[in-house]
Every structure is written in structure tokens, then in C-alpha cells.
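The structure appears below as C-alpha cells.
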Amino acid sequence: MENIAILTSGGDAPGMNACIRAVVRTAIHHGLCVYGVQSGYEGLIDDRFRRLGTTDVSNIVQRGGTILHSARSTRFLSTDGRAEAAENLSRRGIEGLVVIGGDGSFRGADHLSREHGIAIVGVPATIDNDIWGTDLTIGFDTAVNTALEAVDKVRDTAAAHDRLFIIEVMGRTAGFIALQVGVAGGAEDILIPETPTNLPAICSLVRRRVAEGRTSNILVVAEGDEAGSAFEIASKIEELADLKSRVTVLGHVQRGGSPTSVDRVLASKLGWGAIDALMDGAWPCFVGEMNSIVTRHPLADAWTNRKELDPMLLNLASILTN
Ligand code: ADP
């Protein structure tokens, strides 16, 4: 293998740049030539490649977003679209591809690899942390810290006005961000899709705490919680118990910003791991980190297995929110 390409796909996550840097520099260290593909699978189909040297990835380890841009591609869902992508790779003599993205991007990678024999390694990057096979995904730690900073700030104003706040965090259908932020931010309750949400019980708890003299109450809600969005939960709580609340939806701020050291180091290790897997011929696969060891898994494991929340943290949350 002499030439490889790299792309970022799907939802962006802080730390993607640190991973691009690690892939490029590790590949160059092994004598490979690296091409960056602009805008994910869209760029692969539209032939948007550029050579990446060591200096092209200087001064990006600390930057959020992705210098290669990310995109969603409807065309890549079809065999014709993927055939065009494969043709562009083969014309340049590119045999290996590193795909940094979430499980959707891995599904696309799996098709491309099977249909055209391209050596592909996936690197899990999503703020949601909902990919099995890695303790953490790239971007999760940064998103949690960003949300936590917001929760701490809301706490100040909530306490000043004796208010109930409902803060909605991201996470798609999983509660990883909410659980982590809720425990770290001392939330009075954490509403996540993995556990049943009992709004009448939450209302009684809030009332009891107010009666006991608690000056602020913060509920951290995962966007995928079955009780609804933060706004819906706020109106249900008002209907049920005549409790007024303020809602803060953190939204896309959680996707941005300079990655934390945890994300930068994870991204660097997994970028290295992706090249290591390509050079070993261990493709198609995705890499992860479990118990500090870089691991390799079949791509399909990313969507056939469901990653569980840490039961210890769940249990702890229920004790600390008492
Ligand atoms: P993420 O990688 O963050 O989960 P998406 O689910 O949006 O993001 O997937 C990113 C891109 O991967 C999609 O826009 C599409 O081009 C490709 N993709 C997703 N699922 C498939 C699939 N089943 N087959 C082929 N390509 C897919």
C-alpha cells in the first residue's frame, strides 16, 4: 500500500482535527502518501482530493470542527454513488481509506469496502459516545465539558432566583452526555432514555427540596428522553404540579470548541491505530480504545451492538440526586 485517503463524515466532533493530524503524520512516518478528501463521501464522489503533508496538519490539534469539512451524502447511499467514489480512489492508486465519523459513516464504509475491495478503517468520532467497542468516542469529553460549563453558569442564576431549570443536552437516542454532565454538575435529576422518566415523582421531589430550603433545582434532560423535549417536559411539570421552570437547550454549542486533552490524546491514539490496522491488513474494521488498549472490531459491530451506560454511574446518579 502506497497511497491512502482520509475523510471526516456525518456529525462533526471536536478532536476530528487531532485525529486527521495523527493519521497524516503516522502514515508519512511509514512512508505512505496521504490524500485528504473534502466534505466526506460527497467529496469522494465529486473527486475532491488534495495531498496532505506534515505542515498541512500543523496548528490544528487544538481546533474544533474539521479542516476537511464533513457532510451527509444521499448519493453515497446508492451502489452507483459508491461506484463513482471507488473509481476516483482507484484512478489515483489509493488503496486505503480512513473514515472518521459515526456509525452511519461506518455503514457506508462497510458497503464501499465489500463492493470494491477497498481497505477501510473507521475511527469513532461523535459527541454522543453511542458507539460500542470504544470506552469513549472522539468529541464526547469536550461536549461534556462544554455542557458542564453551561450547567454551572445556569446554577448561579437558578440559585439567585430560587428557580427550577430544565437543561437539555445532546446525545441522540442515548443518555451518555446527560448522565456524565448530570453527575458532574450536581443535577437534581437526570432524565435519560435508558431509564423510565416518572414526571409526577420528579415533581414531588422538586417540591420536597424547595420545602427543605434548596435554592436551585436543575434537571438535566437528554434530547432523546421518552418524556419529550425540555420544553415539553417543562409544560408537563407545570400542568402536573403548577411548578414554573426555565428551559435552556444547549444545542450545537456542544459540538464546537477546542478539544480537551482527553479528546486530543484519544484522537491521536486512534489515528495511529487506524494506520496500524491498515498496515497490518486488518481491514475492514474500526478502532477503539478499551481499558487504555487500542482495539479493532468488525465495522458491523458498531451498529449491531448497543453500548450500555456505566451501571455504577447510573446507580451513583440515583443516590446523589436523592
Ligand atoms: P454519522 O456517521 O455521524 O452516524 P450519518 O448517519 O449521517 O452520520 O452518516 C453519514 C453518511 O454515511 C451518510 O450521509 C451517508 O452518506 C453514509 N451512510 C450512512 N448510512 C449508510 C448506509 N446504510 N449505506 C451507505 N452509506 C451510508
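Just so it is clear, none of the values below were taken in a lab; they were calculated from the coordinates. Values in this document were obtained by computation on a predicted structure and should not be read as measured data. Every residue, glycine as well, gets a Cβ built from its backbone with ideal geometry; the counts of neighbours run over all protein chains shown.
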Point to revise | GluC sites (Glu not before Pro) within segment 205-292: DSSP coil, no more than 10 neighbouring Cβ in 10 Å | key: E212
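What does the charge count near M290 come to, summing +1 for each Lys or Arg and -1 for each Asp or Glu among other residues with Cβ under 15 Å from its Cβ?
Working: positive: K269, R296, K307; negative: D135, E289, D301, E308, D310.
My count for the surroundings of M290 gives -2.
Could you sort the peptides 308-317, 261-270 by per-residue average Cβ neighbour count (10 Å cutoff), highest mean leading? Write out the running numbers ahead of the final one.
Details: 308-317: 13.5, 261-270: 22.1.
Output ranking for 308-317, 261-270: 261-270, 308-317.
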Check your understanding: By a straight-distance test (C-alpha under 16 Å), which lysines pair with K244 as possible cross-link partners, with residues fewer than eight away in the same chain excluded?
Key -> K236
Practice item. Write out the chymotrypsin sites (Phe, Trp or Tyr not before Pro) in segment 1-67 meeting two conditions: DSSP loop, and at most 10 other Cβ atoms within 10 Å of their Cβ. Key: none
Review point. What does the helix-only formula give at 222 nm for the chain: each DSSP H stretch with n ≥ 4 adding -39500 (n - 2.57), the total divided by the residues, and the result rounded to the nearest 500 deg cm²/dmol?
Key: -13000 deg cm²/dmol
Study note, to complete from the structure: In degrees, nearest 10, the alpha-carbon axis of helix 261-279 is tilted away from the dominant principal axis of the alpha carbons of the chain by 30 degrees
Review point. Cα axis of helix 140-161 to longest principal axis of the chain: angle in degrees, 0 to 90, nearest 10?
Key: 20 degrees
